[in-house]
Structure formats: C-alpha cells, structure tokens
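Report on the following structure.
The values are calculated or read from the model by the stated rules, or taken from the named source; none is laboratory data. Just so it is clear, the model here is predicted, and its values are computed rather than measured. Reconstructed Cβ throughout: ideal geometry from the backbone, glycine too, with neighbour counts over all protein chains shown. Calculation scope for accessible area: heavy atoms of the full protein, side chains included, ligands and nucleic acids excluded. Shrake-Rupley method; radii C 1.70, N 1.55, O 1.52, S 1.80 Å.
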Amino acid sequence: LIVDRSLDPVSGDTVIAVVDDELTVKTLVLDAAGPSLRPQNPAYPTIRPTSEFVIWGVVTTCLHHLHRVS
C-alpha cells in the first residue's frame, strides 16, 4: 500500500486507522450516525469506534502480487 499522510480523509477513502492501538485498513464512512470503518471483505464487521481513533493516512495506491519468488 502507498499511503499519503498529508491528505485529509473524506468519506469513501480507504484509510489506515488506529483503533484500540491496532492498525486496520478500511473504507472510511462519515454519515449522520458518526464515523465508521467498513471492510471490503463482507466476512468482517463494520467498526463503529466507541472510543477515540486516529486516521493514520489515506491509501492512494494498492500494489498486488506481493508473493515471494522461490
């Protein structure tokens, strides 16, 4: 992932967030119910932070195929 920490996050951005001292990559959603962090994988729940959380940066690029070459 390439992350730009200088960008101000807006709803719909993929972000790296710190929640309960752990990093997570999620889609930021800002609505009337407050901020939430939505996963791309439907097997995981949406996070509605109950305590303070920090947006560490906005993901600008995702590189795939990061497999080790034997």
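Once backbone amide H atoms are built at 1.01 Å from N, W56 has I16, A17, V18 as its partners under 5 Å, excluding neighbours fewer than 5 places away on the same chain.
Here the label points at H65 and V19, each 7 Å from Cα along the C-beta direction, are separated by 3.2 nm in the simple model.
Surface composition of the chain: carbon plus sulfur atoms hold 54% of the accessible area, using a 1.4 angstrom probe and ignoring ligands, DNA and RNA. If only the Cβ of Lys and Arg carry +1 and only the Cβ of Asp and Glu carry -1, the dipole of the chain around its Cα centre is close to 300 debye.
To the nearest 0.05, how large is the calculated FRET efficiency for D31 and S6 if R₀ is 35 Å and r is the Cβ-Cβ distance?
Rounded to the nearest 0.05, the efficiency is 0.90.
Length, then width, then depth: along the principal axes, the Cα atoms of region 10-70 run 48, 24, 23 Å.
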